[in-house]
1. Which value, to two decimals, describes the C-alpha radius of gyration of the chain once divided by 2.2 N^0.38 Å?
2. What is the chain's relative contact order, in percent, from Cα pairs under 8 angstrom and six or more apart in sequence?
3. Dipole magnitude of the chain about its Cα centre, charges +1 at Lys/Arg Cβ and -1 at Asp/Glu Cβ only, in debye to the nearest 20?
4. Would you mind pulling out the separation of the Cα centroids of the stretch 13-53 and the stretch 232-296, in Å?
5. Give me the percent of the accessible area of the chain that comes from carbon and sulfur atoms, probe 1.4 Å, all protein chains in place.
6. Given points 7 Å out from each Cα along the Cα-Cβ axis, report the Leu172 to Ser267 separation in nanometres with one decimal.
7. Just from the alpha-carbon atoms, what are the Rg and Dmax of the stretch 109-249 in angstroms?
8. If you place +1 on the Cβ of every Lys and Arg and -1 on the Cβ of every Asp and Glu, how big does the dipole about the Cα centre of the stretch 157-257 come out, in debye to the nearest 20?
Amino acid sequence: MASSALSSCVEKKPRKDAGRTDTTTSGAIQFASDDSFSPIIDEEVEMFNISHPKATVTPIYTDETDAVKQLIDEKIYLAIAARNFTKNEYNTLVNKGYKSMRAVPIAYDGLALIINKQNQDTCITVKDIARILNGEAKKWSDVYPGSKRGDIEVVFDNPKSSTVRYAQDSILGGKPINSPNIQAVDKSAQVIDYVEKTPNAIGIIGSNWLNDKRDTTNVTFKKNIRVMSVSRMETATPLNSWKPYQYYIYNDSYPLIRTIYALLNDSYRGLPTGMANFITSPKGQLIIFHSSLLPAYGNMTVRNVNVKDQ
């Protein structure tokens with residue numbers, strides 16, 4: 001009886017979303033996104049705000065770790081990340097009184113490896129990528145015998161980004177990156193700039209950064225760097241290696257694919273839910289398609305084209 005009376009006197013802290021007045025199409029919110037996806041998210045936000053004049057949605061670009069932390073800390077109710085909730089994160093939100101947490105797939109991305117335009121070694125195996133990241137292959141000649149390019153400089157966008165986590169979890173099997181020549185800049189755009197100026201560098205970024213806006217077919221990449229073709233085989237050749245084109249993500253030929261999620265703790269089902277719904281709508285998925293990523297929803301039509309020399 002005493003313990004029952006005591007428990008009834010304990011007041012639960014109200015959720016931080018108490019008093020919200022936003023709806024799925026009105027109000028003002030901020031949400032967080034891994035900076036890797038900022039080109040896509042900028043377009044999604046612009047179109048959403050135009051389509052819903054009573055809504056103001058503002059993205060906060062940060063690293064993946066911070067984006068999810070802001071969600072758990074109830075500072076935001078929507079985060080864009082390249083992973084699902086962990087069991088611990090999910091339980092933490094449940095204990096805070098949230099219900100119906102959702103991880104909504106919005107796109108599939110190819111993790112791209114980029115090199116300087118002078119570098120002609122453009123095919124690589126997943127095994128050799130792992131050897132570079134774990135420090136076993138320190139020089140280009142360790143991967144390509146006879147290469148005089150010297151040490152391999154590995155460049156990531158951010159130490160806490162989704163690309164670093166993917167490299168550790170999916171390429172190294174949970175082991176830490178141990179390359180002796182590791183560089184971490186701040187943003188994906190800086191990775192491209194670094195590789196463009198550094199002949200012995202290899203950059204690791206999301207493939208959405210490589211789409212040349214002049215190419216409406218999404219089959220060319222930025223001209224100031226080279227994109228490596230990646231193979232699952234023991235030896236990489238042009239016939240068994242693939243670039244992160246949409247079609248090779250679609251048919252699973254490209255080996256380094258990750259799912260991008262909209263993570264929601266929006267029990268109120270207001271504007272964060274409205275933004276996530278827009279991204280998964282036909283209009284939002286078309287934006288993703290034009291960004292060179294593979295949309296999570298919608299029918300894909302594949303046609304064989306025969307090209308004849310005239």
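1. Normalised Cα radius of gyration, the chain: 1.13.
2. On the way: 598 pairs, mean separation 84.7, N = 310.
Here the relative contact order equals 27 percent.
3. Values: 37 positive and 33 negative charges, 74 e Å.
With only Lys, Arg, Asp and Glu charged at Cβ, the dipole is about 360 debye.
4. The stretch 13-53 and the stretch 232-296 have Cα centres separated by 20 Å.
5. On the way: 8130 of 15740 Å².
That fraction is 52 percent.
6. A separation of 3.8 nm, rounded to one decimal place.
7. Calculated on Cα positions, Rg and Dmax stand at 14.0, 40 Å.
8. For the stretch 157-257, the charge dipole is close to 120 debye.
The values are calculated or read from the model by the stated rules, or taken from the named source; none is laboratory data. This is a predicted model, so every value here is computed, not measured. For neighbour counting, all protein chains shown are included, and Cβ atoms are generated from backbone atoms with ideal geometry for every residue, glycine included. Side chains are part of the model used for accessible areas, which takes the heavy atoms of the whole protein and leaves out ligands, DNA and RNA. Shrake-Rupley method; radii C 1.70, N 1.55, O 1.52, S 1.80 Å.
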